[in-house]
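The values are calculated or read from the model by the stated rules, or taken from the named source; none is laboratory data. Keep in mind that this is a model prediction, so the values were computed, not measured. Here the Cβ positions follow ideal geometry from the backbone for every residue, glycine too, while neighbour counts run over all protein chains shown. Each accessible area value is taken on the protein alone, full model and side chains, heavy atoms only, with ligands, DNA and RNA left out. Shrake-Rupley method; radii C 1.70, N 1.55, O 1.52, S 1.80 Å.
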Amino acid sequence: MPHTIMRLQPTLFLLLFLVFSTTSFSQITIVTKLPDSTTTQKKKVNPETIITKIDTVPTSHWTNKNMLGIDISEIAFVNWSAGGTSAITGLLKGHLKRDYKDENQVWSNELIFRYGLNKQEGVELRKTDDVFRINSTYGYRKDTLSNWYHSAKFNFNTQFSAGYNYPDTDNPISKPFAPAYTFLGIGSEYINKAEKFKFYISPLTLKNTLVLDQTLANAGAYGVTKAIYDAQGNIITEGKQSKTELGILVTSYIEREVFTNITLKNRLSLYTDYIHNFGNIDVDWQFYADLKVNQYVKANIGFNLVYDEDIDVIDDQNGVLVNVGPKVQLKQVLGVGLEYNF
């Protein structure tokens, strides 16, 4: 029996050593320096607790991207023999994005705004750009291997201030919410995130045009039903302030870096109404090239082409304003300025 006890002693010592070692090394000593003091405080923490806390930190499915910028161009002449007019132009712009994505859902939201002014010597302050736009698209897919989503899309577009057919600044041709456009539809969207490409088609899209200025509504601006007048020119029925259409909407967006620090962005929207002139397509095509100088300085060049049969072009012919009907509208942009991304 004594021999048996002696044989067990090394085994007991080994077990006690293992237990002591496990207990000692399973703790981490954290040394903390107390505020405004040279003394330190030691605290032992179980590493499993730390790992558990790290593992339980939730992963967000949201991504945010914000851009604010300003473009300024100026030209001045002093005793310039070739002549010229001094002018300064400024443009404030912003692009805010909030996107959600998990295995089966995507929800993309963006707010785009631009507002530009120009001041020439001897000429009143004039507006050069005015955009306020909200885009929101929700998509759901059952198969995680597919790039096609069942989607619903909402678009809203209006402006900040009144617009004029210069030099006439007494009679505005547009105002905030006059017009304002909303698109609401359901369809399918193809999303290739790696290629930065989106394609959306909706066979059922409601387009609503708002003209919340009665003077413009009475004139039938932007396709709303105009007012009815009697023989003496008195209004019998006020013009309607809204127009609703049902049609097909197709949109696409692609962003591609063609050279280092040169990125092309192409956004196209096509819409046709089932009831009024089906096949007559409203076009909104935006094409821009962003040229990055450094982190904050960027240049951009591009154009915006619009055709809408409900928008009549007013032409000044020898001092007389003439309605020449719908035509292709083109806006060209070239700017250099500062951008801040956060």
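Give the residue that is least open to solvent (accessible area, probe 1.4 Å), with candidates limited to residues of region 131-168 that are within 21 Å of LYS207 (Cβ to Cβ) and of a type in the set (A, V, I, L, M, F, W, C). Restricting to residues being within 21 Å of LYS207 (Cβ to Cβ) and of a type in the set (A, V, I, L, M, F, W, C), the top hit is VAL131. Going by what's in this entry, would ASN171 be described as polar (S, T, N, Q), surrounded by fewer than 20 Cβ atoms within 10 Å (Cβ to Cβ) and within 26 Å of ARG98 (Cβ to Cβ)? Considered against the rule, which asks whether it is polar (S, T, N, Q), surrounded by fewer than 20 Cβ atoms within 10 Å (Cβ to Cβ) and within 26 Å of ARG98 (Cβ to Cβ), ASN171 comes out as no. The set of residues from region 217-228 being touching a strand residue (DSSP E or B) at 6+ places or on another chain (Cβ under 6 Å) and open to solvent by 20 Å² or more (accessible area, probe 1.4 Å) comprises TYR222, GLY223, ILE228. Scanning region 244-264 turns up no residue that is surrounded by fewer than 17 Cβ atoms within 10 Å (Cβ to Cβ), touching a residue at least 24 places away in the same chain (Cβ under 8 Å) and touching a helix residue (DSSP H, G or I) at 6+ places or on another chain (Cβ under 9 Å). Only one of the numbered conditions (1) of a type outside the set (A, V, I, L, M); (2) without any contact (Cβ under 8 Å) to a residue 12 or more places away in the chain; (3) buried (at least 18 other Cβ atoms within 10 Å of the Cβ) is violated by THR209, and that is (2). Of the residues examined, TYR271 is one that is hydroxyl-bearing (Ser, Thr, Tyr), in contact (Cβ under 8 Å) with a residue 40 or more places away in the chain and surrounded by 13 or more Cβ atoms within 10 Å (Cβ to Cβ). When the residues of region 229-240 are filtered to those that are of a type in the set (Gly, Ala, Ser) and open to solvent by less than 70 Å² (accessible area, probe 1.4 Å), the one that is farthest from ASP308 (Cα to Cα) is GLY233. It is to be established whether one or more residues within region 198-216 are among the aromatic types (Phe, Trp, Tyr) and within 30 Å of SER146 (Cβ to Cβ). There is at least one residue in region 198-216 that is among the aromatic types (Phe, Trp, Tyr) and within 30 Å of SER146 (Cβ to Cβ).
Reported count of residues in region 78-126, each being open to solvent by less than 60 Å² (accessible area, probe 1.4 Å) and outside any strand (DSSP E or B), is 6. Whenever a residue of region 157-173 is touching a residue at least 60 places away in the same chain (Cβ under 8 Å), its partners that are among the hydrophobic types (A, V, I, L, M, F, W, C) and assigned to a loop (DSSP other than H, G, I, E, B), lying with C-beta atoms within less than 8 angstrom and at least six residues away or across chains, give the pairs ASN165/ILE173. Filter region 147-175 down to the residues that are at pLDDT 95 or above and in a loop (DSSP other than H, G, I, E, B), then identify the one that is nearest to ASN104 (Cα to Cα). Once the filter is applied, the top-ranked residue is ASN147.
Rundown of residues vs (1) on the phi > 0 side of the Ramachandran plot; (2) of a type in the set (Lys, Arg); (3) modelled with pLDDT under 95, yes/no style:
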{"position": "ILE88", "(1), (2), (3)": "no, no, yes"}
{"position": "LEU92", "(1), (2), (3)": "no, no, no"}
{"position": "LYS97", "(1), (2), (3)": "no, yes, no"}
{"position": "GLN105", "(1), (2), (3)": "no, no, no"}
{"position": "ILE112", "(1), (2), (3)": "no, no, no"}
{"position": "LEU117", "(1), (2), (3)": "no, no, no"}
{"position": "GLN120", "(1), (2), (3)": "no, no, yes"}
{"position": "VAL123", "(1), (2), (3)": "no, no, yes"}
{"position": "LYS127", "(1), (2), (3)": "no, yes, no"}
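Whenever a residue of region 300-319 is over 28 Å from ASP71 (Cα atoms) and in a strand (DSSP E or B), its partners that are modelled with pLDDT of 85 or more and among the polar types (S, T, N, Q), lying with C-beta atoms within less than 6 angstrom and at least six residues away or across chains, give the pairs ILE314/ASN165.
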